[in-house]
Amino acid sequence: MPLVESPQWRRKATDFFSSSSFKLKQAGQSAGDNIADVAGKVGTVVKSRWAIFQDARQRPPLPGDTVQERFISAAANTGVILRKGISETKEKVAVGKVKVEEAAKKTADKSKTILNNIERWQKGVASSDVFGVPVEATAQREQSGKAVPLILVRCADHLVISGLSNEYLFKSEGDRKVLQQLVSLYNEDSGASLPDGVSPIDVAALIKCYLASIPEPLTTFALYDELKDARVSIDDLKNILKKLPNVNYMTLEFVTSLLLRVSRKSALNKMDSRTLAVEFAPLIIWQQGDSGTDLRNHLRFTLKPPPKIVDTTSTITWDLLDEDDVDASSQIPLDDASPPDYGAIEVIQCLIEHHNPIFTDANETVWR
């Protein structure tokens, strides 16, 4: 005969197992499909325990045993299993949550970097570019211990080792395809070494292309008039150049020091100080609002991809991402080109010929 069981204990038993099943179901849903398997297994055990309890109600009691005691024992055992199952489920949920948060953080960081780069690309500058970027920004980012962009250091070292004796060094244009490859190389890694076998003519042309790309000349816009007024006065030029930002000053000293060495080999390379000044004046000193001399525009054009459609009305701007087509002939200096800035040429020629007394405050450039 079945044992008599009070309604109170029946209600407690039903509530206990019902709530247990509900909690497991909740845990499984919050954890996901994989972790829900754990909840399912524990739920099966709970159901089994409930069946055992129901069976126990039908058996005669042992001495000192009561339905209440058997229920408490069954519930206690079930509770242990239940707590273990829920604990495992929560742990797996926690681990999964951490992994999701880590993935989300990495994605957010990567997205932020991409967005920043996109914004800089829209301005014509990528995060690692050296072409088209102010020299001060490049030197600060490189943190090489030198106040001179590394691309100039690499190129100058290469030219000095080559002997500086190539004819028309800094006047020959160089191979356009090679120059485009070198620009890509240094925009990806500003400290990269030049490829083996690269021609000194191409390296010299790369220096000119770099100087043509920067948004403000090494001499700055602010000092344009002062420098032209000083012209060949060594003392005046020396004092005016002290007003330059340190990176501009050191880079100008570095470039003109290289040009001085080139001019000393003019018997071989046919590039004396005057010829070098003609080549470099438009790249080192120009006034604000100047849309670009024919030489600067031509050098900028050199770095652009070959045009697919000829457009003789195009005007060139410095933007490595701009794929608009430009007619090469419109960028080559013609007979009706704007007259040379003779004042700027005289300034640069003086900086080359009297480099050492003018740049006495600069650290002496040490060549390989």
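The values are calculated or read from the model by the stated rules, or taken from the named source; none is laboratory data. What you are looking at is a predicted structure, and each value in this text was computed from that prediction instead of being measured. Don't worry about glycine lacking a Cβ; one is built from the backbone with ideal geometry, like all the others, and counts go over all protein chains shown. These accessible areas exclude ligands, DNA and RNA; they are computed on the full protein's heavy atoms, side chains included. Shrake-Rupley method; radii C 1.70, N 1.55, O 1.52, S 1.80 Å.
Computed values, structure above
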| read-out | value |
| --- | --- |
| Region 188-233, subset of a type in the set (Val, Ile, Thr) and either over 26 Å from the mean Cα position of the chain (by Cα) or in a loop (DSSP other than H, G, I, E, B) (or both), residue nearest to PRO357 (Cα to Cα) | VAL232 |
| Yes/no for SER263 being farther than 15 Å from THR138 by Cβ, open to solvent by less than 50 Å² (accessible area, probe 1.4 Å) and polar (S, T, N, Q) | yes |
| Of all residues making up region 154-167, the number that are assigned to a helix (DSSP H, G or I) and open to solvent by less than 10 Å² (accessible area, probe 1.4 Å) | 3 |
| Cβ-Cβ under 8 Å pairs, at least 6 apart or on other chains, region 346-368 side surrounded by fewer than 18 Cβ atoms within 10 Å (Cβ to Cβ) and modelled with pLDDT under 65, far side outside any loop (DSSP other than H, G, I, E, B) and among the acidic types (Asp, Glu) | TRP367/ASP157; ARG368/ASP157 |
